[in-house]
Structures are given as C-alpha cells and as structure tokens.
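Just so it is clear, none of the values below were taken in a lab; they were calculated from the coordinates. This one's a predicted model, so the numbers in the text were calculated from it and none came from an experiment. Neighbour counts are summed over all protein chains in view; Cβ atoms, including those assigned to glycine, are modelled from backbone coordinates with ideal geometry.
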C-alpha cells in the first residue's frame, strides 16, 4: 500500500510517539507503589518466619517424643515443615533483593527529579522528606544483619536432622539425634528473636509513610 501524502501522517506518528513516551515513563507514584509492594512482601515473609519456626519445632518435638508410635507419619510431617521453611527462606532472599533494587531506583530518581524544582522551598521539602524516608528504610538492612546467617544455619541443621533420620528412623537413631534436635529448636527461638528488630524497622518505615510519605514526582 502506498501513502500519497506521507507528510500528512507525520503528526499522527508524533502524537503516537508522545503518547508512548508518556505511558511508558515511570512516575513517582508508580515507583513509590513498587517500593511499597516489595516492602509489604518482605514484611509478610518476616512475619511468617516465627510462625513456620513454631510449626517446625512442633513437628520435630513430636518426632523425637519418647515412645512415638507413628514414627513415619511424624517424620513426614517434619520433612514437610523443613521444606516449607526452606521455601520461605528463598522467598525472603528474593523479596529482599527486589526491595533493595527498587528502593535504590526510587530514591535515586527522586533525588534527580528533586533538583528540577525552581521553588527553593519545594526543593528543600523534597530533600527533607527523601532523607527522612531513606533513613527509615536504611534501618531495615541494619536490623536484619545476622538474620540470614541464623536462618541458613538453622536450615542446615534441620536438613541434617532430616537426612540422618531418613537413613536411621529407628528408636536408637531418634534417641541419638535428639540432642541435636533440641539445639536446633533453641536456634529456632534465636532466629525468632533476630527477626523482631527487622519487623520493628519495617513498622518505622510504615509510620514514616503514614506521616506523609513520599511526594508524587
């Protein structure tokens, strides 16, 4: 098909390009929404950690209980909880990495756009709000120092116990692994304690957002 007047369609092409650029550009509201969604995902993961630790501890305690008559069923329940704990750990790693990346992009873009304000009062307000929120967000990784190490060590022990018992699910094998299992349950309690400061830091961010949050760019 031939266009007899190619100049006539030029305004249409320009309008389409402008529309695409406008639609594809990421606004401050959109970046804020993405940052908030990843924060919520991380919070949900951290809140699930103590719940899953308790469920795993209950299953392990039932498995090593003296005189356990349904050993295989107790073992399967324990193995299922170990798998859930491992799945949760992977989700937490994934969501934490996403949160860091989105927060970095969000604050960097906010800083760049904040420099474009002609009004010095608006520019100063933007810088102050960005600094306040960035400070609140920075408390999350600071509070989470040590959590990953504790979680990895805890998971390693849980899986070690599972592997040991998969080869020796006998009264003697269970008796032999019981001290290790009891230590693992204690480590689970330590992991729960390590998670509390992170949840507190997340609550601080939510409080800062409630105080005013980030201005739309």
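When a footprinting reagent is the concern and you count Cβ atoms within 10 Å, what order do 60, 209, 169 take, fewest first? Display every interim value, and only then the final one.
Details: 60 26, 209 17, 169 14.
Ranked by crowding around the Cβ, least crowded first: 169, 209, 60.
Between residue 196 and residue 80, what length in nm is gained on full extension when 0.36 nm per residue of separation is reduced by their alpha carbon distance?
Gain on stretching residue 196 to residue 80: 39.2 nm.
Based on the Cβ-Cβ distance from residue 105 to residue 51, what FRET efficiency comes out when R0 is 30 Å, to the nearest 0.05?
That pair, residue 105 with residue 51, gives E of 0.45.
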